[in-house]
Amino acid sequence: MAISEIEAKAAFDHIRYAQLWEDADILTEALGDCVGGTLVSICSAGDNALALLTLDPAKVVVVDLSPAQIACLKLRIGAFSTLTHAGFLELMGARPSTRRKALLVQALEPLDPPTQAFWRGLAEEVDFHGAGGVGKFERYFRIFRTRMLPLVHSRQTLKDIFIPRGIAERQTFYDRRFNTWRWRVLLKLFFSRFVMGRMGRDKAFFDHVAGNPADHVARRIHHAAVGTDPAQNPYLHWIITGTHGTALPMTWRAEHFEVIRARLDRIEIRPGSLEAFVATGEKADGFNLSDIFEYMSPAFFAQVYAGIIAAAAPKARLVYWNMMAPRRVPPVHAAQVTRLRDLEDRLKAQDKAFFYSDFVIEEVRG
């Protein structure tokens, strides 16, 4: 079996992300026309793999090194299969609920015994936080929201973040009420490389990162608070309030619920690395690569990229994010792909998952 470089460096025995912190709205638009095709997706929490079903592919092959992350996708499959849309939102934590344990039992009923046992062990946490709130990354933000934010901003200021405003008014609010000296100190401390590696992401994910994470976060929060409308941002809602409010990620919205439910049989889960899929010799018409290249050395990235190109059908699109480690097509493969620059620029400006510094769309030449 093909081995991924990150397997030797990071732990994959726990839920790192209980929900997906990447914007499926721009992902699905970036992939283009995929009707009847084969798509490959990194699993993470499973939300974006499910979002790909709205593109009407023949199948979505989902890969991930982490059994815990695959268990997140399986829980969603069970929830879409057995719950109403309202019940799904309650189970995930997007809405308040007094019945999450019962909803969890119902969602687990059609699933395999190991997945059932995994989630039963988390039943108390799911009851309290929702299934979308039990990951390491979500706990990190929960500490930020409940212990740190009250030290720098009043409840009213935090509530006022989500008042709809024009861009000029958002800039004024940011300058006068939000970007205080206390806020800037909090960013430097809580989003330092040490704290993020210990409490948020795995420290191995910073091996190839240059620069200060706190400075990066500060720039991206300005994008979320001013460049886009916070009132429409489900990720910012969750960080600040612990729920999604009126804004929901694409996969969790009512208008997509029945379509995803009807196409669940097109999901094909393959535990393991992306490199393992590439080694099968199959061809794909599109790739949701999340931000996996950020965790790779430049040399290993070039090796994996070569494999993806070999596994890509003509006109297949490679879609991925960069946070702090810049990754784009290696020079040796530049002649094999076309960068869709205009589409990239337009979608980057819309990206509600504001952590990322770059959004990449590369199309394999026919």
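For the reader, a short list of remarks on this structure follows.
- Taking Cα extents along the principal axes in Å as calculated from this structure, the corresponding entry among (1) 67, 47, 34; (2) 70, 46, 40; (3) 56, 48, 38 is (3).
- Three-way shape label, the stretch 27-84, alpha-carbon gyration tensor, a/c 1.5: oblate
- Separation of the stretch 52-79 from the stretch 153-188 is 36 Å, based on Cα centroids.
- Cα lying deepest toward the dipole's positive end in the stretch 101-165, options LEU149, GLY133, LEU103, charges on Cβ: LEU149
- Long pairs among LYS315/LYS348; LYS101/LYS352; LYS188/LYS352; LYS59/LYS101; LYS283/LYS348; LYS74/LYS101, criterion Cα-Cα beyond 25 Å: LYS101/LYS352; LYS59/LYS101; LYS283/LYS348
- FRET E, pair VAL35, THR246, Förster distance 35 Å, beta-carbon r, rounded to 0.05: 0.65
- Principal axis extents of the Cα atoms in the stretch 200-351, from largest to smallest and rounded to whole angstrom, are 45, 44, 33.
- Efficiency of FRET from Cβ geometry, ALA123 and VAL259, R₀ 25 Å, rounded to 0.05: 0.25
- If R0 is 30 Å, the Cβ-Cβ spacing of THR84 and THR146 corresponds to a FRET efficiency of close to 0.50.
- Overall form of the stretch 1-156: rounded. Here a/c, set by the Cα gyration tensor axes a ≥ b ≥ c, is under 1.5.
- If the chain linking ASP215 and SER297 were pulled fully straight, counting 0.36 nm for each residue of separation and taking away their Cα-Cα distance, it would gain 27.3 nm.
- Segment ALA335-GLU169, extension gain: residue separation times 0.36 nm, minus the distance between their alpha carbons: 55.3 nm
- Helical content alone sets the calculated 222 nm signal of the chain at -11500 deg cm²/dmol, taking -39,500 (n - 2.57) per DSSP H segment of four or more residues and averaging over every residue.
- Distance between the stretch 300-366 and the stretch 234-263 - C-alpha centres, whole angstrom: 26
- Summarising the label geometry, the points placed 7 Å from Cα in the beta-carbon direction at ASP112 and ASP342 lie 4.6 nm from one another.
No lab work stands behind these numbers, since they all come straight from the coordinates. Nothing here was measured: the structure is a model prediction, and the numbers come from that model. FYI the Cβ positions are ideal-geometry reconstructions off the backbone, even for glycines, and counts take in every protein chain you see.
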